[in-house]
2 protein chains.
Amino acid sequence: MAVTQTQAPTSTAQRILDVAEQLVQSRGYNGFSYADIAGELAITKASLHYHFASKAELGEALIERYSARFTEALERIDSTIPAARAKLDAYVGLYTDVLRGERMCLCGMLAAEYQTLPQPMRGSVIRFFDGNVAWLASVLADGQSDGTLSFDGAPNDAAQTILSSLQGAMLVARPYGDLARFQAAAARTLASLKTP
Amino acid sequence: MAVTQTQAPTSTAQRILDVAEQLVQSRGYNGFSYADIAGELAITKASLHYHFASKAELGEALIERYSARFTEALERIDSTIPAARAKLDAYVGLYTDVLRGERMCLCGMLAAEYQTLPQPMRGSVIRFFDGNVAWLASVLADGQSDGTLSFDGAPNDAAQTILSSLQGAMLVARPYGDLARFQAAAARTLASLKTP
DNA sequence: GTCTATAGGCAGATAGAC
DNA sequence: GTCTATCTGCCTATAGAC
């Protein structure tokens with residue numbers, strides 16, 4: 001039987017991931033070093049290597065955790081919000097929260113640096129996007145079925161456009177430090193799915 | 001009176017900019033070094049510093065040249081294509097050409113790395129986006145006036161959405177190495193401006 | 001698990017000869 | 001303008017004590 005923990009443990013590995021995630025989302029994978037994490041957590045670089053032997057391993061762990069949390073968030077949306085259009089609004093809300101922290105989507109950032117990434121990280125980035133498109137396509141198909149959403153072409157194609165439009169809206173809004181700019185672009189993107 | 005040149009000179013500085021531009025657009029500003037350029041051109045790093053004393057200076061020169069060329073391309077569109085909708089198609093064509101070279105838009109890439117950029121480069125990135133939005137807004141306003149384009153809200157807001165959607169479409173399509181994916185998203189974005 | 005110490009390499013940058 | 005040589009500093013990573 002597992003020991004019951006009163007306080008959240010927040011292991012060292014977790015805190016390393018927390019700091020590294022913030023660094024990648026704001027500065028990029030090639031824009032931070034182990035020294036940055038070590039300084040923030042007041043431990044040595046050598047200790048970091050105990051938890052994540054290489055930077056590539058750390059990178060993989062970052063995407064895995066990020067993807068898992070994102071998937072959980074999508075499942076929460078599915079289980080709490082019935083209407084397709086409201087699900088899309090909630091999806092935009094996830095991005096808004098990221099941008100509010102002056103961050104880019106982790107995988108959007110890594111997409112920019114894609115050609116410099118270790119091979120295993122590349123696959124994980126692709127899977128993140130594929131999962132997002134699949135979820136969006138499912139929501140779009142549902143909305144089309146019940147007549148609450150309308151769009152041309154296949155749900156999968158429309159889903160790809162929504163994903164890339166939101167990623168681009170984050171990418172461009174962040175240099176301006178302008179959350180409203182993102183929200184306006186997101187609203188316009190969703191508005192193109194109006195029922196006739 | 002200036003000396004007439006029969007052949008294009010292609011000065012060393014130009015060739016440095018050519019190689020550096022390709023590197024930034026594919027690997028990012030933090031993803032290449034002076035050694036990469038030196039290797040490609042078969043000259044030494046010290047020679048590079050003669051032409052561009054610091055990497056920050058090189059970065060500024062890259063954006064200035066890129067922006068100037070982009071502005072020229074937009075002026076060519078204005079002077080050769082009368083219809084607003086066709087101008088937008090040509091604008092998408094500029095992006096398509098970039099992506100065909102397996103590159104990201106220079107300033108889209110730099111937007112991702114924004115928080116790590118030297119201050120002068122940041123201003124230049126912003127000005128590039130502002131110039132693009134201003135041009136797009138002008139085209140949209142024209143199309144709205146002559147009834148060939150229809151959209152909600154101000155031309156400037158619609159222009160911001162077009163810019164960010166195209167940047168995002170490039171960002172996401174590049175890891176897949178899928179030009180068609182970009183083109184589909186771009187076409188869908190422009191299709192949302194249909195006349196009623 | 002965390003530390004000290006250090007390896008080995010590459011980064012951007014400079015001095016000075018040619 | 002381009003070179004050789006070199007500097008200083010940071011990078012990822014490892015060995016081994018505690």
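The values are calculated or read from the model by the stated rules, or taken from the named source; none is laboratory data. Please read all numbers here as calculations on a predicted model, not as lab measurements. Cβ sites come from the backbone with ideal geometry, for glycine too, and all protein chains shown count toward neighbours.
What the table shows:
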read-out	value
Some residue of region A:165-177 being surrounded by fewer than 17 Cβ atoms within 10 Å (Cβ to Cβ) and either over 17 Å from B:Ala184 (Cβ atoms) or not charged (D, E, K, R) (or both)	yes
Conditions (1) among the charged types (D, E, K, R); (2) touching a residue at least 12 places away in the same chain (Cβ under 8 Å); (3) away from DNA strand C (no atom under 16 Å from the Cβ): number failed by B:Lys55	(3)
Candidates A:Glu64, A:Glu72, A:Glu21, A:Glu40, filtered to the one that is closer than 30 Å to B:Gln22 by Cα and not polar (S, T, N, Q)	A:Glu21
Selection status of A:Val3, β-branched (Val, Ile, Thr), away from DNA strand C (no atom under 14 Å from the Cβ) and at pLDDT 95 or above	no
The lone exception for B:Leu62 - which of (1) under 16 Å from B:Trp135 (Cβ atoms); (2) buried (at least 18 other Cβ atoms within 10 Å of the Cβ) it fails	(1)
Residue that is small (Gly, Ala, Ser), within 13 Å of DNA strand C (Cβ to nearest atom), within 14 Å of another protein chain (Cβ to nearest Cβ) and surrounded by fewer than 16 Cβ atoms within 10 Å (Cβ to Cβ), where the choices are A:Ser33, A:Ser11, A:Ser47	A:Ser33
Total residues in region A:65-82, condition surrounded by 15 or more Cβ atoms within 10 Å (Cβ to Cβ) and either touching a Ser or Thr at 6+ places or on another chain (Cβ under 8 Å) or within 22 Å of A:Gly28 (Cα to Cα) (or both)	4
Pairs, first free of Cβ contacts under 8 Å to residues at least 24 places away in the same chain in region B:9-37, second near DNA strand C (Cβ under 9 Å from one of its atoms) and among the β-branched types (Val, Ile, Thr), C-beta under 6 Å, six or more apart	B:Val19/B:Ile37
Residue check for B:Gly101: over 19 Å from A:Leu171 (Cβ atoms) and surrounded by 16 or more Cβ atoms within 10 Å (Cβ to Cβ)	no
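Quick grid of which residues meet (1) within 16 Å of DNA strand D (Cβ to nearest atom); (2) closer than 17 Å to B:Ile126 by Cα; (3) of a type in the set (Val, Ile, Thr); (4) not in a helix (DSSP H, G or I):
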residue: B:Ile16; (1), (2), (3), (4): yes, no, yes, no
residue: B:Gln22; (1), (2), (3), (4): no, no, no, no
residue: B:Ser26; (1), (2), (3), (4): no, no, no, no
residue: B:Ala35; (1), (2), (3), (4): yes, no, no, no
residue: B:Ser47; (1), (2), (3), (4): yes, no, no, no
residue: B:Tyr50; (1), (2), (3), (4): yes, no, no, no
residue: B:Ala61; (1), (2), (3), (4): yes, yes, no, no
residue: B:Phe70; (1), (2), (3), (4): no, yes, no, no
